[in-house]
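Undergrad: Structure incoming, see below.
Since every read-out is calculated from the coordinates, none of them should be taken as a lab result. Please read these numbers as outputs of a predicted model, since none were measured by experiment. Note that each Cβ is placed from the backbone with ideal geometry, even for glycine, and that neighbours are counted across all protein chains shown.
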Amino acid sequence: MYNGIFVFAGSLLGPLYALYVEKLGSGIFPVSVSWAVFLFSTTLFTYLISKLGDRFNHKQLLLGGYLVRMICWLVLVYISNIEQLIVVQFVLGIGEAFGTPAWDAIFAEHLDNNKHIMDYSDWKVVSNGVLVLGTLLGGFIVSSYGFKPMFGLMAIFAGVSFVGILSNETLKES
C-alpha cells in the first residue's frame, strides 16, 4: 500500500516533466540532458547497490530511497535554473537506486508459493492504476495551480509512505 502511495506521488509529475524543464527557460535539449543525468545516476548507484545492498537491511534502504526522493521533490519547488535541476536529478537518481532494488527485494521475499504471476500481476494492476490517477491529478494541479504546489504534494505523499513503511511491523526483518 505504501509503495502504491509513493508511486502515485511520482506519477503526479509523469509526462509533465518536460514542460517543467522547458518552463525553466532552458529549451528542449536540457530536458534530455537532465533526464539522462537522472538515468546515469540511477544506473551508477544501482550498480553499487547490486554489489553492497544485500549487506544492509532492505527496509532501511527503501526508507533511504523514499527520504532522498521526498527531499528532492520538495527541493524542486525552489529550482530556478537547469544547473540546479541537474544536481537535483543526480541526487534523485541516488534515491531511486536505493529505493527501487530494496522494494523489489522486499516484494520478492513476500511472494506466495506458486502464485508469482498473480502477485506480480496484482502489483502491476495497483501500480498502473495509481499511475493513471496520479498522471491525471498532476495535470489538473499543474494546470490549475502550477508546479510548486504539485511538488509539495509529491513530497507529502512520499512522507506518508516513509512514515507508513517506518512503522510497518511486517517489514522489520526485511
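Undergrad: Among ALA36, VAL88, THR135, which residue has its Cα positioned farthest towards the positive end of the charge dipole of the chain, with +1 placed on the Cβ of Lys and Arg, -1 on the Cβ of Asp and Glu, and the dipole taken about the Cα centre?
TA: Result: VAL88.
Undergrad: Could you state the angle between the C-alpha long axis of helix 58-75 and the longest principal axis of the C-alpha atoms of the chain, as a value from 0 to 90 degrees rounded to the nearest 10?
TA: The angle comes out at about 10 degrees.
Undergrad: Moving on to the next point. Which three semi-axes in whole Å describe the equivalent ellipsoid of the stretch 90-136, each the square root of 5 times a Cα gyration tensor eigenvalue, listed largest first?
TA: Each semi-axis is the square root of five times an eigenvalue, giving 23, 18, 5 Å.
Undergrad: Taking the Cα centre of the stretch 60-139 as origin, sum charge times position over the Cβ atoms of Lys and Arg (+1) and Asp and Glu (-1), and report the length of that vector in debye to the nearest 20.
TA: 160
Undergrad: Going through the cross-link list LYS23/LYS51; LYS115/LYS148; LYS59/LYS124, which pairs have a Cα-Cα distance over 32 Å in this structure?
TA: LYS23/LYS51; LYS115/LYS148
Undergrad: Would you mind checking the tilt of helix 147-166 against the longest principal axis of the Cα atoms of the chain, expressed as 0 to 90 degrees and rounded to 10?
TA: Roughly 10 degrees between the two axes.
Undergrad: Taking the Cα centre as origin and putting +1 on Lys and Arg beta-carbons and -1 on Asp and Glu beta-carbons, what dipole magnitude results for the chain, to the nearest 20 debye?
TA: 280
Undergrad: Taking only DSSP H segments of four or more residues, each worth -39500 (n - 2.57), what value at 222 nm results for the chain once the sum is divided by all its residues, to the nearest 500 deg cm²/dmol?
TA: Helices in the chain give a 222 nm mean residue ellipticity of -26500 deg cm²/dmol.
Undergrad: Label point 7 Å out from PHE29 along Cα-to-Cβ: which residues of the stretch 73-105 have amide N under 19 Å?
TA: Answer for the stretch 73-105: 81-87.
Undergrad: Mean separation of Cα pairs under 8 Å and 6+ residues apart, divided by the residue count of the chain: what relative contact order is that in percent?
TA: Relative contact order for the chain comes out at 43 percent.
Undergrad: Where in the chain is the longest stretch that carries no trypsin sites (Lys or Arg not before Pro) classed as loop by DSSP and with at most 14 other Cβ atoms within 10 Å?
TA: 1-114
Undergrad: While we're here: State, to one decimal in nm, how far the label point of ASN57 lies from the label point of VAL77, with both points 7 Å from Cα in the Cβ direction.
TA: Roughly 2.9 nm, to one decimal.
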